[in-house]
Amino acid sequence: MGGVLPKQFLLLHGKPILQHTLERFDNIPNIDEMVLVVPASEVRRAERLVARARIRKVSHVVVGGEHRQDSVRHGLLSFDRQPTIVLVHDAVRPLVSSEVVLEVICQARRHGGAVVGVPVKDTIKIGRDGLCLRTLDRRTLWAVQTPQGFRYDVLMRAHVAAQRSGFLGTDDASLIERLHLPVVIVEGSPWNIKITTQEDLACARAWLKRG
């Protein structure tokens, strides 16, 4: 974003992006408890936000790890009560719908793992040194979003296995896939954007202005 403030604390329609995200999940009855994982330098800021916004279901604000995978593992070990189903969600995806969240929970309960994704529209090529090497079949390609949902025991098993072997995945589903366990795709929305650029922030503002 080019600024000093971490992007999850940037304002979106008068509230930090993180607050929008937390409120989405706080208002879903099926969600019992939330653990917020942040960098060590942002723990106090996050705790103040949770208190000021009266987010009821956040039980702990915990420090993340060196890698995203480490941060998720820290969160998994911090619940007051071990959940049956756990969701992993990016703090800067504030526009996810409750309908999508509920469907992820349903599919995770049924199959063990579920991710949100949208079909890829563009032609995707593999390239090297400025040359096109191969064109992928976009009919089989999905752009994956969050939340990703899993049975807690399945995800913990996958994290333990990855830690023991030194494997780092790009998302939690990749850890499940290593164990040859099923992960189903729940179709999401192009509006479930991850706000990482000023252009993303402008799109999120436009979406909220519509509603």
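The values are calculated or read from the model by the stated rules, or taken from the named source; none is laboratory data. Here the structure is a predicted model, which means the values were calculated and not measured. Glycine gets a Cβ as well: all are built from the backbone with ideal geometry, and neighbour counts include every protein chain shown. In case anyone asks, the SASA skips ligands and DNA or RNA and just uses the protein heavy atoms, side chains included. Shrake-Rupley method; radii C 1.70, N 1.55, O 1.52, S 1.80 Å.
State whether one or more residues within segment 10-27 are more than 18 Å from the chain's Cα centre (by Cα), surrounded by 12 or more Cβ atoms within 10 Å (Cβ to Cβ), at pLDDT 95 or above and assigned to a helix (DSSP H, G or I). Within segment 10-27, not a single residue is more than 18 Å from the chain's Cα centre (by Cα), surrounded by 12 or more Cβ atoms within 10 Å (Cβ to Cβ), at pLDDT 95 or above and assigned to a helix (DSSP H, G or I).
Each row is one residue, and each column tells you yes or no for (1) aliphatic (A, V, I, L, M); (2) touching a strand residue (DSSP E or B) at 6+ places or on another chain (Cβ under 6 Å); (3) on the phi > 0 side of the Ramachandran plot.
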| residue | (1), (2), (3) |
| --- | --- |
| Val154 | yes, no, no |
| Gln163 | no, no, no |
| Gly166 | no, no, yes |
| Thr170 | no, no, no |
| Arg178 | no, no, no |
| Ile193 | yes, no, no |
| Asp200 | no, no, no |
| Cys203 | no, no, no |
| Leu208 | yes, no, no |
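Across segment 92-124, the qualifying residues are those that are at pLDDT 95 or above and basic (Lys, Arg), and the one among them that is nearest to Thr197 (Cα to Cα) is Arg93. Farther than 22 Å from Met156 by Cα and among the small types (Gly, Ala, Ser), is that true of Ser71? So Ser71 does not fit the description; no.
Mind checking which residues of segment 34-52 are β-branched (Val, Ile, Thr), over 14 Å from Pro6 (Cα atoms) and part of a helix (DSSP H, G or I)? The answer is Val50, and nothing else. I need the full set of residues from segment 182-196 which are of a type outside the set (Phe, Trp, Tyr) and open to solvent by 50 Å² or more (accessible area, probe 1.4 Å), in order please. Matches in segment 182-196: Pro182, Ile185, Glu187, Pro190, Lys194, Thr196. Tell me, yes or no, whether segment 185-195 has at least one residue that is outside any strand (DSSP E or B), under 24 Å from Glu66 (Cβ atoms) and either aliphatic (A, V, I, L, M) or free of Cβ contacts under 8 Å to residues at least 12 places away in the same chain (or both). Yes, segment 185-195 contains a residue that is outside any strand (DSSP E or B), under 24 Å from Glu66 (Cβ atoms) and either aliphatic (A, V, I, L, M) or free of Cβ contacts under 8 Å to residues at least 12 places away in the same chain (or both).
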